[in-house]
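A short worksheet on the structure shown next.
The values are calculated or read from the model by the stated rules, or taken from the named source; none is laboratory data. Worth saying up front: this structure is predicted, and the values here are computed from it rather than measured. So basically every Cβ, Gly included, is an ideal-geometry build from the backbone, and we count neighbours across all protein chains shown.
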Amino acid sequence: MQLSEFFDALWQDYIGVTPQAETIRRLFEAREGDGGVINDHVAFRTFSDSPLDLDALEPVILSLGYRLQDSYRFEEKNLHARSYIHAMEGQPKIFISELHYGHLSRACREIIEGYRERITAELLQPSVFWSGRHWPMPDWDAYSRVAQESEYGAWLLVMGLRANHFTICIDCLKTVAGLEEALDVVKAGGFEINRAGGEIKGSPALFLEQAATMADRVPQTFADGVACDISSCFFEFAQRHRMPGGERYEGFVTANADRIFESTNVAE
């Protein structure tokens, strides 16, 4: 599969569950012109200890011309993650995290394991990254119980494996002076910004500043017939800075990502 085909298919699945995405991209395209909005990275979520865990998904990413960039731990959220960078400069980076649910309560583990066991082990293709759930829709009680301990896990039970966000490269834009001005454009469009840890996560001193919308709320009907709007996916914005040697920073900052995860949290 060509890399352009891979990202086109991801985008089509993403906008199907993220009504805000196409509108936000067009806000910036109207200012930048065709080809002026660059994707910095996409991100995915999955369960550890499953046929779709990081170790199983990594060979698929590597087959697309990527290499492992770095690994990350988020102890409070029970997550491990890896980032990947392409051999061809300018291609979007890929960030994959997995929930280590063994640290959750026994009741929560048993719920997740019940769905994880429904995943069929198979030779994975790039299309797995927009394949959604590999298990039945959970009932409302299961979703709610998991959400009490891991909103990440509850989100994953419903949404499955797909891009949970695309990211606009802010320092690639010509019509905005920086991330704060870009957020003014987004807010003027009527979209809510993730304020966990402040609207802008990171700083020029860390060489990376990030922000994100709050995820769209979309209707879902659970296995027991309960209907409810839940968080789907969101849009991120990243401004990368030059390091002392003049090289553009291409990595990720754990503290930033920890707060970006909360873009799919249910507001209190």
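Brief remarks follow.
- Reported count of residues in the range 195-245, each being over 15 Å from ILE170 (Cα atoms) and not acidic (Asp, Glu), is 27.
- Qualifying position, being without any contact (Cβ under 8 Å) to a residue 60 or more places away in the chain and small (Gly, Ala, Ser), among SER83, SER105, SER127: SER105
- Residue list for the range 189-219, restricted to those being under 14 Å from TYR249 (Cβ atoms) and either surrounded by fewer than 18 Cβ atoms within 10 Å (Cβ to Cβ) or under 18 Å from the mean Cα position of the chain (by Cα) (or both): GLY202, SER203, PRO204, ALA205, LEU206, LEU208, GLU209, GLN210
- Out of ARG242, ARG217, sole residue that is of a type in the set (D, E, K, R) and farther than 29 Å from LEU161 by Cβ: ARG242
- Listed by first and then second residue, the pairs linking a residue in the range 185-210 that is free of Cβ contacts under 8 Å to residues at least 12 places away in the same chain and closer than 14 Å to ARG25 by Cα to a residue that is of a type in the set (A, V, I, L, M, F, W, C) and in a strand (DSSP E or B), with Cβ atoms under 8 Å apart and 6 or more places separating them unless they lie on different chains, are LYS187/ILE193.
- In a residue-by-residue description of the range 159-180, the property of being in contact with a Phe, Trp or Tyr (Cβ under 7 Å, 6 or more places away or on another chain) and without any contact (Cβ under 8 Å) to a residue 60 or more places away in the chain applies to no position.
- Criterion applied to ILE38, ILE24, ILE15 was being surrounded by 14 or more Cβ atoms within 10 Å (Cβ to Cβ), within 30 Å of VAL186 (Cβ to Cβ) and without any contact (Cβ under 8 Å) to a residue 24 or more places away in the chain, and the one residue passing it is ILE15.
- Residue that is at pLDDT 95 or above and either closer than 27 Å to GLU151 by Cβ or out of contact with any Asp or Glu (no Cβ under 9 Å at 6 or more places or on another chain) (or both), where the choices are VAL37, VAL42: VAL42
- Within the range 152-188, being surrounded by 23 or more Cβ atoms within 10 Å (Cβ to Cβ) and either modelled with pLDDT under 95 or of a type in the set (Phe, Trp, Tyr) (or both) holds for TYR152, TRP155, PHE166.
- Test result for PRO51, exposed (fewer than 14 other Cβ atoms within 10 Å of the Cβ) and either at pLDDT 95 or above or touching a Leu at 6+ places or on another chain (Cβ under 7 Å) (or both): no
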